[in-house]
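The values are calculated or read from the model by the stated rules, or taken from the named source; none is laboratory data. Predicted model, so just to flag it, every value in this text is computed and none were measured. Cβ placement follows ideal geometry from the backbone for every residue including glycine, while neighbour counts extend to all protein chains displayed.
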Amino acid sequence: MTDRPTISVVMCVENGARYLQEALDSIALNAMPDMEVLILDGDSTDDTVAIARRHALAPRILRQRAKGHPQALNQSLTEARGTWVAHIDCDDVWPAGRMRALWAAAEAGAGEWIFGQAVNCDAVLRPLGVPQPARLITASLLHHSIADRIGPFRTDITHGSNIDWAARASHAGIRFAPIDALVLQRRIHDSNLGVTGRPKAMRDLFQILRDHKARSGS
């Protein structure tokens, strides 16, 4: 592999052993030439690191330098070596063909941030609805240079930092490109950050909306 792989797949995880094997297997199912896999571990006390170390993907495993999801996302973009970056949560799954679909759009020059569709699923991956267009960092493939143009994820908000980042990217003129392909099975369960911290999530989202309106002058 070159020092600068084409694609970096990044996972930020803390105590994610419950679903980690399934997530890693789905990455392997979507393996691309010249692709690195990077895991940022937040001092897990379960079997997260052991599962990652014995997986055939042979991921590069690093310790998260600071607690918090946006802090981990910022480190992920610093540590990722790929020209393009894809993120996955430890409890989610990539369907077969995911990376091929996103990469085809990237190679065709469709945009700098390619988004697909996601479907919410229960704990055993039974769909809870139909696939929908999803401007989520975990349902996308983004060009690494975006981080240099719009700066880091905000660390003053716990929830929705990726929504704020996407709003800032839009304001900065980043070229978004939606594709008509299912790229993410998003597992909804009782330990999801968005479920356990819903009141704080709503406050953060209202703050993001206010800030976005201020940038837009509306």
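Put simply, of Leu125, Leu209 the only residue that is on the phi > 0 side of the Ramachandran plot, surrounded by fewer than 19 Cβ atoms within 10 Å (Cβ to Cβ) and either part of a helix (DSSP H, G or I) or at pLDDT 75 or above (or both) is Leu125.
When both residues are 6+ apart or on different chains and their Cβ atoms are under 6 Å apart, which pairs have a first residue that lies in the stretch 93-115 and is buried (at least 18 other Cβ atoms within 10 Å of the Cβ), and a second that is assigned to a loop (DSSP other than H, G, I, E, B) and among the β-branched types (Val, Ile, Thr)? As it stands, the answer is Glu112/Ile174; Trp113/Ile174, since those pairs meet every condition given. So in the stretch 33-87, with the set limited to residues that are of a type in the set (Asp, Glu) and under 16 Å from the mean Cα position of the chain (by Cα), which one is farthest from Cys12 (Cα to Cα)? Here the residue is Glu36. Given the conditions (1) part of a loop (DSSP other than H, G, I, E, B); (2) more than 23 Å from Asn15 (Cβ to Cβ); (3) within 14 Å of the chain's Cα centre (by Cα), which single one is not true for Ala147? Ala147 satisfies all of (1) part of a loop (DSSP other than H, G, I, E, B); (2) more than 23 Å from Asn15 (Cβ to Cβ); (3) within 14 Å of the chain's Cα centre (by Cα) except (1).
Of all residues in the stretch 64-92, those that are more than 29 Å from Leu125 (Cα to Cα) have Cβ atoms under 8 Å from Cβ atoms of residues that are in a helix (DSSP H, G or I) and not β-branched (Val, Ile, Thr), 6 or more apart or on another chain, in Arg65/Gln71; Arg65/Gln75; Ala66/Ala72; Ala66/Gln75.
Taking the stretch 57-70 as the range and being assigned to a helix (DSSP H, G or I) and touching a Cys at 6+ places or on another chain (Cβ under 9 Å) as the test, only His69 passes. In this structure, Arg18 does satisfy being assigned to a helix (DSSP H, G or I) and surrounded by fewer than 20 Cβ atoms within 10 Å (Cβ to Cβ). Contact map, the stretch 138-152: residues that are farther than 19 Å from Val37 by Cα paired with residues that are of a type in the set (D, E, K, R), Cβ distance under 7 Å, separation 6+ or inter-chain. Pairs shown: Ile146/Glu112; Ile150/Arg168. Answer yes if at least one residue in the stretch 123-130 is within 13 Å of the chain's Cα centre (by Cα) and touching a residue at least 24 places away in the same chain (Cβ under 8 Å), and no otherwise. There is no residue in the stretch 123-130 that is within 13 Å of the chain's Cα centre (by Cα) and touching a residue at least 24 places away in the same chain (Cβ under 8 Å).
Here's the yes/no breakdown for (1) in contact with a helix residue (DSSP H, G or I) (Cβ under 6 Å, 6 or more places away or on another chain); (2) assigned to a loop (DSSP other than H, G, I, E, B):
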| position | (1), (2) |
| --- | --- |
| Pro5 | no, yes |
| Val9 | yes, no |
| Asp25 | no, no |
| Leu77 | yes, no |
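Can you find a residue in the stretch 49-56 that is of a type in the set (A, V, I, L, M, F, W, C), in a helix (DSSP H, G or I) and buried (at least 22 other Cβ atoms within 10 Å of the Cβ)? Within the stretch 49-56, one or more residues are of a type in the set (A, V, I, L, M, F, W, C), in a helix (DSSP H, G or I) and buried (at least 22 other Cβ atoms within 10 Å of the Cβ). Here Val119 qualifies as surrounded by fewer than 21 Cβ atoms within 10 Å (Cβ to Cβ) and among the β-branched types (Val, Ile, Thr). For the stretch 2-15, filtered to residues that are out of contact with any Asp or Glu (no Cβ under 6 Å at 6 or more places or on another chain) and free of Cβ contacts under 8 Å to residues at least 60 places away in the same chain, the residue that is surrounded by the fewest Cβ atoms within 10 Å (Cβ to Cβ) is Thr2.
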